[in-house]
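Trainee: Sharing a structure, written as structure tokens. Questions coming.
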């Protein structure tokens, strides 16, 4: 059996009776610039979660980590992970991806994470970030972390509201009226 090429080809499990993602919406959502949360096991067996930048292409999520850093060592010991990508705007959406990561040395000539600092910070912020991380990245190197999804679940509560209700829910926090009234 061949593995799915896109995340939308996997069966999607909606959580808690909430609305599911449409296939096109799911692909667009995971491809957007969002800080994800990567969950994995530490050496003592306790779970750990870290915010992480990612790119998504051809059904795989690509991230990077400092070679031989704590995250890299943990992922080498146990490559089973969960990646959560969420929209923190009401009425909230989230995709939770289970899978196994593959760790490879980052190849500057074939880097699916190329330009990630610009993607998240813009050019000015990326230049400052690159300056801040240059020494550690040059001395330790970076490892490409590729997540091939095996399962996907979540919810898209935007599907539960009409367009006008969705617009109201999103502007309500910016209105000069106490939230308890709205």
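The values are calculated or read from the model by the stated rules, or taken from the named source; none is laboratory data. Nothing here was measured: the structure is a model prediction, and the numbers come from that model. Note that we place each Cβ from the backbone using ideal geometry, even for glycine, and neighbour counts take in every protein chain shown.
Trainee: Among the residues of the stretch 72-88, count how many are under 16 Å from the mean Cα position of the chain (by Cα) and within 24 Å of residue 143 (Cβ to Cβ).
Mentor: 6
Trainee: Determine, yes or no, whether residue 2 is part of a loop (DSSP other than H, G, I, E, B), modelled with pLDDT under 95 and closer than 30 Å to residue 134 by Cβ.
Mentor: Working: part of a loop (DSSP other than H, G, I, E, B): yes; modelled with pLDDT under 95: yes; closer than 30 Å to residue 134 by Cβ: no.
So residue 2 fails the test.
Trainee: Another question, then. Please tell me if residue 95 is under 30 Å from residue 164 (Cα atoms), in contact with a helix residue (DSSP H, G or I) (Cβ under 9 Å, 6 or more places away or on another chain) and in a strand (DSSP E or B).
Mentor: Here the answer is yes, as residue 95 does meet what is asked.
Trainee: Out of all the residues in the stretch 130-182, which are touching a helix residue (DSSP H, G or I) at 6+ places or on another chain (Cβ under 8 Å) and in a helix (DSSP H, G or I)?
Mentor: Across the stretch 130-182, the qualifying residues are 130, 158, 166.
Trainee: Then there is this: What number goes with the only condition from (1) over 18 Å from the mean Cα position of the chain (by Cα); (2) more than 25 Å from residue 157 (Cβ to Cβ); (3) surrounded by 16 or more Cβ atoms within 10 Å (Cβ to Cβ) that residue 91 does not pass?
Mentor: Of (1) over 18 Å from the mean Cα position of the chain (by Cα); (2) more than 25 Å from residue 157 (Cβ to Cβ); (3) surrounded by 16 or more Cβ atoms within 10 Å (Cβ to Cβ), only one is false for residue 91: (2).
Trainee: Please find, within the stretch 47-61, the residue that is farthest from residue 92 (Cα to Cα) out of those that are modelled with pLDDT under 95 and assigned to a loop (DSSP other than H, G, I, E, B).
Mentor: Filtering the stretch 47-61 for residues modelled with pLDDT under 95 gives 57-59.
Add one more test, that the residue is assigned to a loop (DSSP other than H, G, I, E, B), and what stays is 58-59.
On the way: 58: 25, 59: 23 Å.
Looking at residues that are modelled with pLDDT under 95 and assigned to a loop (DSSP other than H, G, I, E, B), I get 58.
Trainee: Also, I was wondering about something else. In this structure, is residue 59 touching a residue at least 40 places away in the same chain (Cβ under 8 Å), within 22 Å of residue 15 (Cα to Cα) and touching a strand residue (DSSP E or B) at 6+ places or on another chain (Cβ under 6 Å)? So that I can check it myself, show each step before the final result.
Mentor: Working: touching a residue at least 40 places away in the same chain (Cβ under 8 Å): yes; within 22 Å of residue 15 (Cα to Cα): yes; touching a strand residue (DSSP E or B) at 6+ places or on another chain (Cβ under 6 Å): no.
So residue 59 fails the test.
Trainee: What do you reckon, is residue 104 surrounded by 13 or more Cβ atoms within 10 Å (Cβ to Cβ) and in contact (Cβ under 8 Å) with a residue 40 or more places away in the chain?
Mentor: Working: surrounded by 13 or more Cβ atoms within 10 Å (Cβ to Cβ): no; in contact (Cβ under 8 Å) with a residue 40 or more places away in the chain: yes.
When the stated conditions are applied, residue 104 does not pass them.
Trainee: Among the residues of the stretch 134-149, is any under 24 Å from residue 16 (Cα atoms) and either in contact with a strand residue (DSSP E or B) (Cβ under 7 Å, 6 or more places away or on another chain) or crowded, with 17+ Cβ neighbours inside 10 Å (or both)?
Mentor: Yes, there is a match, as at least one residue in the stretch 134-149 is under 24 Å from residue 16 (Cα atoms) and either in contact with a strand residue (DSSP E or B) (Cβ under 7 Å, 6 or more places away or on another chain) or crowded, with 17+ Cβ neighbours inside 10 Å (or both).
Trainee: Kindly provide the set of residues from the stretch 26-37 that are part of a helix (DSSP H, G or I) and either exposed (fewer than 15 other Cβ atoms within 10 Å of the Cβ) or without any contact (Cβ under 8 Å) to a residue 40 or more places away in the chain (or both), ordered by number.
Mentor: Answer for the stretch 26-37, where residues must be part of a helix (DSSP H, G or I) and either exposed (fewer than 15 other Cβ atoms within 10 Å of the Cβ) or without any contact (Cβ under 8 Å) to a residue 40 or more places away in the chain (or both): 27, 28, 31.
Trainee: Can you tell me which residue among 43, 64, 8 is in a strand (DSSP E or B) and either modelled with pLDDT under 95 or surrounded by 14 or more Cβ atoms within 10 Å (Cβ to Cβ) (or both)?
Mentor: 64
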